[in-house]
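The values are calculated or read from the model by the stated rules, or taken from the named source; none is laboratory data. No experiment lies behind these values; they were computed from the predicted model shown. Counting neighbours? That spans all protein chains shown, and the Cβs are built from the backbone with ideal geometry, glycine included.
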Amino acid sequence: MTIPAVRPGATRIGWVGTGVMGRWMCQHAMAKGFAATVYNRTREKLQPLVEQGAVAADGPRQVAERSDVVFAIVGTPRDVREVFLGPDGLLAGSKPGTVLVDMTTSEPGLAKEVYAAARAKGVHALDAPVSGGDVGARNAALSIMVGGDAEVVEAVRPLFEAMGKTIVHQGPAGAGQHTKVVNQVLISSTMVALCEGLLYAHKAGLDVETVLRSVSVGAAGSKSLDIYGPRILKGDFEPGFYVEHFLKDLGIALAEAERMNLCLPGLALSKQLYEAVRAQGLGRKGTQALLLALEHLNNVRR
């Protein structure tokens, strides 16, 4: 199959999903000289991109009809299936040689299904979930984990480099999604420890900001602590990454672990704690809102 050369000013890109992260990712590609056609179910979220020259489409199919390389970052595997494989989806609007890139955190098996359906039509497909949250998206500093054919990954690399600093081809279709599962398993227990540690510091009567100055530079330091520690101190629980989306990711991770006969108790505990966060009406808050659930559990008032 023909693989298009990706060049600013020549390659037309499409984008589906312009939320907390997608808006910035598309904007960075446009800043490199790529003309964009965009779609989002909530049309108001397209406005910042339209103001910078993007053209709004009526749906995913129309995005693909007007594009050479199409990216999507949506909510759930169900959304991915509809956006890529639905009757008015991206594949329906793609011509041979089009490249479809799913940057949603989704199911490895679905990534393989999309790849096979695309290949049957002469279309290329990559699964390329990301890590770095809203800060990474805004700063074009994402880690991008890519599954699919190596030559397609290399062809699209200039666009990936507009969005992220770490772009790694992990293997065939589905490998990008499997790698993102690893990422979310690691984060799940890290977030529990982070919130428990800060809660302990508060209960012990310590100045939490002073505590962070010591622990963040030692073995306890982490990217999560650097990003979410200051937000928690400010009482900022707005989403860089929604609790409800994290729960979706943890559900995928647990399902994949069960399929492989793996027992991952830390992952299971983290999902239960985040279920408590959602049960308290905080599903649309950021993942750092776990602290609020732990405060409620311990009857702690700040």
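Listed values, structure above:
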{"item": "Selection count where residues are over 12 Å from Ala141 (Cβ atoms) and of a type in the set (Lys, Arg), scope segment 151-175", "result": "1"}
{"item": "Tally of residues being closer than 30 Å to Met21 by Cβ and in a helix (DSSP H, G or I) across segment 212-241", "result": "14"}
{"item": "Qualifying residues in segment 35-62 (those that are modelled with pLDDT under 95 and of a type in the set (D, E, K, R)) - the one surrounded by the most Cβ atoms within 10 Å (Cβ to Cβ)", "result": "Lys45"}
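Yes/no per residue for (1) surrounded by fewer than 21 Cβ atoms within 10 Å (Cβ to Cβ); (2) under 30 Å from Glu154 (Cα atoms); (3) without any contact (Cβ under 8 Å) to a residue 60 or more places away in the chain:
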site	(1), (2), (3)
Gly171	yes, yes, yes
Gly174	no, yes, no
Gln177	no, yes, no
Thr190	yes, no, yes
Leu198	no, no, no
Ala201	yes, no, yes
Ala204	yes, no, yes
